[in-house]
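The values are calculated or read from the model by the stated rules, or taken from the named source; none is laboratory data. Worth saying up front: this structure is predicted, and the values here are computed from it rather than measured. Cβ: placed from backbone, ideal geometry, glycine included. Neighbour counts: every protein chain shown. Heavy atoms of the whole protein, side chains included, go into the accessibility calculation; ligands, DNA and RNA do not. Shrake-Rupley method; radii C 1.70, N 1.55, O 1.52, S 1.80 Å.
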Amino acid sequence: MIHLNSNQFIILDDLKKENISFNITKSMDLFLIKMNELNKSFNFVFKVNTNTTLNVYFFSAISDAKDSYKIEIDHKPYSTVNLEVKLFVNKTSSINFNVDAKIIRASKGCNTSQKIDGFIFSNDAKISVIPALLVDINKINAYHAVNISHFNKNSLFYLQTKGLNINQSTKILLEKELFVLKKTQSNQIYNNIYKKLLAKISKMYK
């Protein structure tokens, strides 16, 4: 089990283990990023302590891989977990993404949310998402939403009518999806991660 008590960036490309439990002892932001083309199957368990808030931002951009993710969230009383996911797939790549948020009867006062966006850049790429809220108590706040679609060509066209070229328009739309990552940059390492992710997704569209 990995004990986390401060904001973390974790590059999944570098992980050797594919089954990991995280013990969240203090309120924090956690960024999980996957960009390489190796097939991966990750299982993550987040154990979130009482009176603790965990914000998870998950980004995956692949063109030739087949990845699978299973996330389990274990709430303690008065804990909050916000999961925001951005998935980008191209060519023949595929992502299966399943998440279970568990709130047992003893875990009162919890808040849990799942917002998952998938962006498909080719007709052969696939994204499958199953969000689940396993709730055994009243008086909690629970929310989930999934949106999977081809990259928005209407928005690209609109931006081009304002005088922007295709590259400028694409960059604006992609920066919007990566905004939470950009605004949290705290040093050159994180800045390079953001630039690398933006560059890869931009190439996926071309």
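Only a single item in (1) touching an Asp or Glu at 6+ places or on another chain (Cβ under 7 Å); (2) modelled with pLDDT under 95 is not met by residue 62, and it is number (2). Taken together, the criteria place residue 137 among residues that are over 16 Å from residue 71 (Cα atoms), open to solvent by less than 50 Å² (accessible area, probe 1.4 Å) and among the β-branched types (Val, Ile, Thr).
Determine whether region 91-114 contains at least one residue that is in contact with a helix residue (DSSP H, G or I) (Cβ under 8 Å, 6 or more places away or on another chain), on the phi < 0 side of the Ramachandran plot and either surrounded by fewer than 20 Cβ atoms within 10 Å (Cβ to Cβ) or in contact (Cβ under 8 Å) with a residue 24 or more places away in the chain (or both).
At the first step, the residues of region 91-114 found to be in contact with a helix residue (DSSP H, G or I) (Cβ under 8 Å, 6 or more places away or on another chain) are none.
Among the residues of region 91-114, not one is in contact with a helix residue (DSSP H, G or I) (Cβ under 8 Å, 6 or more places away or on another chain), on the phi < 0 side of the Ramachandran plot and either surrounded by fewer than 20 Cβ atoms within 10 Å (Cβ to Cβ) or in contact (Cβ under 8 Å) with a residue 24 or more places away in the chain (or both), which makes the answer no.
Of the residues making up region 151-173, just one is under 28 Å from residue 97 (Cβ atoms), open to solvent by 80 Å² or more (accessible area, probe 1.4 Å) and in contact with a Ser or Thr (Cβ under 9 Å, 6 or more places away or on another chain), namely 171. Whether any residue in region 48-61 is in a loop (DSSP other than H, G, I, E, B), within 28 Å of residue 175 (Cβ to Cβ), in contact (Cβ under 8 Å) with a residue 60 or more places away in the chain and not aromatic (Phe, Trp, Tyr) is what I want to check. Taking every residue of region 48-61 in turn, none turns out to be in a loop (DSSP other than H, G, I, E, B), within 28 Å of residue 175 (Cβ to Cβ), in contact (Cβ under 8 Å) with a residue 60 or more places away in the chain and not aromatic (Phe, Trp, Tyr). For region 62-94, filtered to residues that are over 13 Å from the mean Cα position of the chain (by Cα) and charged (D, E, K, R), the residue that is nearest to residue 105 (Cα to Cα) is 76. The single condition from (1) part of a strand (DSSP E or B); (2) of a type in the set (Lys, Arg); (3) at pLDDT below 95 that residue 105 fails is (1). Across region 115-134, the number of residues qualifying as open to solvent by 30 Å² or more (accessible area, probe 1.4 Å), part of a loop (DSSP other than H, G, I, E, B) and of a type in the set (A, V, I, L, M, F, W, C) comes to 1. For the residues 196, 182, 200, 171, the requirement of being in a helix (DSSP H, G or I), under 19 Å from residue 121 (Cα atoms) and modelled with pLDDT under 80 singles out 171.
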